[in-house]
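The values are calculated or read from the model by the stated rules, or taken from the named source; none is laboratory data. A quick note: this is a predicted structure, and the numbers were derived from the prediction, not measured. With ideal geometry, Cβ positions are generated from the backbone for all residues, glycine too; neighbour counts draw on all protein chains shown. Just so you know, the surface numbers come from the protein's heavy atoms only, side chains and all, with ligands and any DNA or RNA stripped out. Shrake-Rupley method; radii C 1.70, N 1.55, O 1.52, S 1.80 Å.
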Amino acid sequence: MNFDEIIDRRGTGSSKWDRMHAYGGVSPDDGIPMWVADMDFRAADVLQEAMQDLIERGNYGYFAGDEDMNAAVAWWMHERHGWTVDPDHMSSTAGLGHAIALILETYTDPGDEVIIFTPVYHEFTHKIKLTKRVVHEAPLIIENGVYHMNLDALEAGLTGKERMMLISSPHNPAGRIWTPDELRHLADICARHDLIMVADEIHHDLVYPGQTFTSFLKAAPEAADRTFVLTAASKTFNTAGARLGTVTIPNPELRKRFRQALLEHQTQPNLMGVALTRAAYSPGGADWVDGLVAYIEGNHRLFLDGIAQIPALKGMPMQSTYLAWVDFAATGMEMTEVLRRVHEDARVVPSVGAHFGSGGETFLRFNIGTPRARVAEAVERLQSAFADLQ
Ligand SMILES: Cc1ncc(COP(=O)(O)O)c(C=O)c1O
């Protein structure tokens, strides 16, 4: 595993590289894309071997066999996260954005409110709005430099129109890992107000040394009847192009309705996504992730140390993920000027914080899941773009 290897992804249909100009006005010729949440590394050998097996078989016909993969998912959750989960409770979707949309459509009605903790992964808001449900923002507060949920304020502000709570655990952006106590508190709120809990745990593997992730159902098993846990190998192993996510639904009645919804939408597991996920959740995959986490942790130190040298910029401390979150508020600049400097002067394209909902307006999110030399180059360019700050 050589995470320093530079792979040229330009002209391959990569969203991150080939849509960068449309999103940020910066050409991939000299720009550094740090927006879309995928990584620029070569896939793990176990994944390459799985694809090679498929190629050698030379047949890509209709496919229904996700049982082995579900067993591998259960193995991984137990092995890596101490969460014991029944593979029979799992269903496959075309990724987790798809899963979220299906859950919204299946268990809520137009006009129902869905609680999200902002700023958060922009697709949460997008999917809630696209399905004609209503976003109920629970703004996170910053204490000691990191995000906290303001659960008393949330509960005091509930109106009775809420049907669902959707969390990113760990949290995208900034990688905050919610503690077992915080998760149990959320479970209590969901029980008191009869809310469905959707715990999106896609970021649970890239956890820095010394930090511990706890799955929602490990922290609050009593909430199993109202909980959906969303997982995927796609962030950890960079397989998002193969569109495969796993929805775990312990409640048999809710699970039945979900499988009916999958049937109605003619959704069957993606052959390649299944092959990659099954291969990923293995001892060889685990070794690769251990190497990856050490590498990303190094990138994160390089990036946040470099940002800290720019007066007025504040990078939020991270516990996990490759999604760094930087506050530009103290520059006193309009965000249009911040973005002009980042795009035109630094030739770097991060994600725009305002898209993550309330509280994100003065932030930019930088994806550091890329070879270290590129992270170092981005830091240098940002330092010179803001060199006049005192
Ligand atoms: C919290 C969260 N959920 C889901 C996704 C994407 O899921 P998918 O690519 O499976 O639709 C992301 C991608 O960044 C994410 O951050």
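Please list, ordered by first then second residue, the pairs with beta carbon atoms under 7 Å, 6 or more apart or interchain, first in the stretch 207-218 and open to solvent by 70 Å² or more (accessible area, probe 1.4 Å), second acidic (Asp, Glu) and modelled with pLDDT of 95 or more.
Once the first residue is open to solvent by 70 Å² or more (accessible area, probe 1.4 Å) and sits in the stretch 207-218, its partners that are acidic (Asp, Glu) and modelled with pLDDT of 95 or more give Pro209/Glu297.
Checking Glu182 against (1) in contact (Cβ under 8 Å) with a residue 24 or more places away in the chain; (2) assigned to a loop (DSSP other than H, G, I, E, B); (3) open to solvent by 10 Å² or more (accessible area, probe 1.4 Å), which single condition isn't satisfied?
(2)
Can you name every residue in the stretch 185-199 that is open to solvent by less than 10 Å² (accessible area, probe 1.4 Å) and either within 25 Å of Tyr281 (Cα to Cα) or assigned to a strand (DSSP E or B) (or both)?
Met197, Val198, Ala199
Name the residue, out of Gly369, Gly285, Gly306, that is among the small types (Gly, Ala, Ser), farther than 25 Å from Pro28 by Cβ and out of contact with any Gly (no Cβ under 6 Å at 6 or more places or on another chain).
Gly285
If Pro33 satisfies every condition in (1) on the phi > 0 side of the Ramachandran plot; (2) touching a Lys or Arg at 6+ places or on another chain (Cβ under 7 Å); (3) not assigned by TED's automatic domain parsing to the domain that holds Pro173 but one, which is the exception?
(1)
Considering only residues of the stretch 81-98 that are farther than 23 Å from Glu222 by Cβ and of a type outside the set (S, T, N, Q), which is farthest from the ligand (Cβ to nearest atom)?
Ala94
Just name the residue that is farthest from the chain's Cα centre (by Cα) out of those in the stretch 161-215 that are of a type in the set (Val, Ile, Thr), farther than 19 Å from Ser358 by Cβ and within 12 Å of the ligand (Cβ to nearest atom).
So, considering only residues that are of a type in the set (Val, Ile, Thr), farther than 19 Å from Ser358 by Cβ and within 12 Å of the ligand (Cβ to nearest atom), the one farthest from the chain's Cα centre (by Cα) is Val198.
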